[in-house]
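Working notes, structure below.
The values are calculated or read from the model by the stated rules, or taken from the named source; none is laboratory data. Every value quoted in this text rests on a predicted model; they were computed, and no experiment measured them. Because the Cβ atoms are built from the backbone with ideal geometry, glycine has one as well, and the counts that use them run over all protein chains shown.
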Amino acid sequence: MPPTSLVARTTSPTRIFTSSYPPLPTTPHTTTWDLIQTTARSNPSACALLCGVTQDEMTFGDFDVAVQKVATSLAQRGVSKGRVVLTNMINCVEYPILYHALTALGAVLSPAAPTFSATELGHQLVASNASFLVSHASVEAIAAEVAVAHNIPSDRCFSVGPTTMMQKFRDLLQVDAIHIPHVVIDHASDINTLPYSSGTTGRPKGVKLSFANLAINIQQMAFMEPMTSPLVLALPMYHLYAGLLMNAALLCGQPLVVLPKFDLATFLQALQVHKSEKAFIVPPIATLMATHPLVDEYDLSATKYFVSAAAPLGPTLEAAVQARLGIKTKQAYGMTELSPLVHYTRDGHERPAASGHLVPNTELRVVCPTTGADLGPHQIGELWYRGPQVMLGYLNNDDATRVRKSKR
């Protein structure tokens, strides 16, 4: 187990909770793309990506080639190991292609919300030291404004869809021959993704997540939830919860049905058409499932579980969903600084308002924030985690990192 902990101080531990599941074998020289490319090549004719609006499909074989083409084009334009690419994209099938192309190059994705103002996006661009921008036609005006304000050359700015202000993302697929430069990656210490999080205090900080952090976490997720049906994704991909789901579905060889944003009717229609066994949601969506009359117009008989995360889901709402639809709910817990998953509920282990068991390779202490004493069950305290998914630290913010981490 790597000697890193998400902690606030160092005191001699007296009680460490460990995962009840056997540890997964760690693969220190593996990236998320290595794992998913293996899946893609094992069943290239299967559907990998499906646009939930147009119903256009992409097979795993075509996805593999698209990632390599985009990586080739980006390398030709100057993207290399350690370079940061900032995005403010809505959900689209191009997002996983871009992420894995950057991973193949050893570059860094810094995802931002498509709702960010020019000021907010500009702050992340400067803080992350990004030198490339990728946007979407529906939100590209903000990205274009930021690019001009911060002197990002136009040949380093791309947009998905019918763009009028930036280079066309689809042009990155136009390559004569695939050539991805060989890069030497330190999987344990090189940054793969740089999302921004406020943590529990202060302004948003760049969370340094390594190639190893993200590779093990999608394996932890796939172990806890071995997906066996299409995954309908309406949650925002720039958020690490949805990013984890995106990669876990691809790792499991299941189609990823991409919705540009959450719309109740579109979401319900997709669940009905694709017969998704698991629907991944957040508590406000659970409220709609329990109360909105539109839900009665759709056949959700294939859906066996709603899986909720990002905020607590109370037992009353869980019961209301099951009473109305006969669909069970279960929960997960994590945070950006944990890549993000540390707790998950496997089928048949759900309990009201419980966030699930520790995922494999993960340890937990519950500590009194005042005394530093270790606490037991049914006591409230700070959660201190140790595991291979714990972040490297905050970018250019040693003080905040010291508050969150200690080494043993």
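Within the range 117-129, is there a residue that is touching a helix residue (DSSP H, G or I) at 6+ places or on another chain (Cβ under 8 Å), at pLDDT 95 or above and β-branched (Val, Ile, Thr)?
No; the residues of the range 117-129 include none that is touching a helix residue (DSSP H, G or I) at 6+ places or on another chain (Cβ under 8 Å), at pLDDT 95 or above and β-branched (Val, Ile, Thr).
Within the range 195-228, the set of residues being in a loop (DSSP other than H, G, I, E, B), at pLDDT 95 or above and surrounded by fewer than 24 Cβ atoms within 10 Å (Cβ to Cβ) comprises PRO226, MET227, THR228.
Taking the range 150-194 as the range and being assigned to a strand (DSSP E or B), within 20 Å of ALA127 (Cα to Cα) and not hydrophobic (A, V, I, L, M, F, W, C) as the test, the residues that pass are ASN192, THR193.
I need the full set of residues from the range 326-367 which are of a type in the set (A, V, I, L, M) and in contact with an Asp or Glu (Cβ under 9 Å, 6 or more places away or on another chain), in order please. Break it down stepwise before answering.
Here is the first cut: in the range 326-367, the ones of a type in the set (A, V, I, L, M) are 327, 332, 335, 338, 341-342, 353-354, 358-359, 364, 366-367.
Those that are of a type in the set (A, V, I, L, M) and in contact with an Asp or Glu (Cβ under 9 Å, 6 or more places away or on another chain): ALA332, ALA353, VAL366, VAL367.
Filtered by the rule that a residue be in a strand (DSSP E or B), among the β-branched types (Val, Ile, Thr) and under 20 Å from the mean Cα position of the chain (by Cα), the range 56-89 gives VAL84, VAL85, THR87.
Each row is one residue, and each column tells you yes or no for (1) surrounded by fewer than 17 Cβ atoms within 10 Å (Cβ to Cβ); (2) hydrophobic (A, V, I, L, M, F, W, C); (3) part of a helix (DSSP H, G or I); (4) in contact with an Asp or Glu (Cβ under 7 Å, 6 or more places away or on another chain).
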| residue | (1), (2), (3), (4) |
| --- | --- |
| ALA249 | no, yes, yes, no |
| THR266 | yes, no, yes, no |
| ALA279 | no, yes, no, no |
| PRO284 | yes, no, yes, no |
| MET289 | no, yes, yes, no |
| LEU300 | no, yes, no, no |
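Of all the numbered requirements in (1) surrounded by fewer than 15 Cβ atoms within 10 Å (Cβ to Cβ); (2) in contact (Cβ under 8 Å) with a residue 60 or more places away in the chain; (3) farther than 17 Å from VAL53 by Cα, ALA309 misses one, and that requirement is (1).
Looking at ARG351, ARG324, which is the one that is under 30 Å from GLU297 (Cα atoms) and either in a loop (DSSP other than H, G, I, E, B) or among the aliphatic types (A, V, I, L, M) (or both)? Give the derivation first.
Values: ARG324 fails: either in a loop (DSSP other than H, G, I, E, B) or among the aliphatic types (A, V, I, L, M) (or both).
One residue alone meets the criteria, ARG351.
Scanning the range 376-384 for any residue that is in a loop (DSSP other than H, G, I, E, B), buried (at least 17 other Cβ atoms within 10 Å of the Cβ) and not β-branched (Val, Ile, Thr) turns up at least one such residue.
Among the candidates THR27, THR32, the residue that is more than 20 Å from PRO162 (Cα to Cα), touching a residue at least 40 places away in the same chain (Cβ under 8 Å), of a type outside the set (A, V, I, L, M, F, W, C) and crowded, with 21+ Cβ neighbours inside 10 Å is uniquely THR32.
Looking across THR401, THR371, one residue alone is β-branched (Val, Ile, Thr) and buried (at least 17 other Cβ atoms within 10 Å of the Cβ). It is THR401. You will find that of ILE185, ILE191, the residue that is closer than 25 Å to TRP384 by Cβ and either within 22 Å of the chain's Cα centre (by Cα) or hydroxyl-bearing (Ser, Thr, Tyr) (or both) is ILE191 and no other.
Residue pairs whose Cβ atoms lie under 7 Å apart, separated by 6 or more positions or on different chains, with the first residue in the range 101-121 and within 14 Å of GLU145 (Cα to Cα) and the second assigned to a strand (DSSP E or B) and modelled with pLDDT of 95 or more, are PRO114/HIS136.
Every residue, every condition in (1) at positive phi; (2) aliphatic (A, V, I, L, M); (3) surrounded by fewer than 20 Cβ atoms within 10 Å (Cβ to Cβ), yes or no:
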position: VAL70; (1), (2), (3): no, yes, no
position: ALA101; (1), (2), (3): no, yes, no
position: ALA104; (1), (2), (3): no, yes, no
position: ALA113; (1), (2), (3): no, yes, yes
position: SER117; (1), (2), (3): no, no, yes
position: GLN124; (1), (2), (3): no, no, no
position: PHE132; (1), (2), (3): no, no, no
position: HIS136; (1), (2), (3): no, no, no
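THR316 meets the conditions (1) buried (at least 20 other Cβ atoms within 10 Å of the Cβ); (2) part of a helix (DSSP H, G or I); (3) polar (S, T, N, Q) in every case but one. The failed one is (1).
Restricted to helices (runs of 4 or more DSSP H) entirely inside the range 90-149, those with at least 2 residues that are among the hydroxyl-bearing types (Ser, Thr, Tyr) and within 18 Å of THR193 (Cβ to Cβ) are 94-105.
Out of the residues in the range 357-382 that are free of Cβ contacts under 8 Å to residues at least 24 places away in the same chain and under 29 Å from the mean Cα position of the chain (by Cα), which is farthest from ALA212 (Cα to Cα)? Talk me through it step by step, then tell me what you get.
So in the range 357-382, the residues free of Cβ contacts under 8 Å to residues at least 24 places away in the same chain come out as 368, 370-371, 377-381.
Subsequent filtering for residues that are under 29 Å from the mean Cα position of the chain (by Cα) retains 380-381.
Values: ILE380: 31, GLY381: 29 Å.
Once the filter is applied, the top-ranked residue is ILE380.
Of the residues screened, ALA141 is not one that is buried (at least 16 other Cβ atoms within 10 Å of the Cβ) and in contact (Cβ under 8 Å) with a residue 12 or more places away in the chain.
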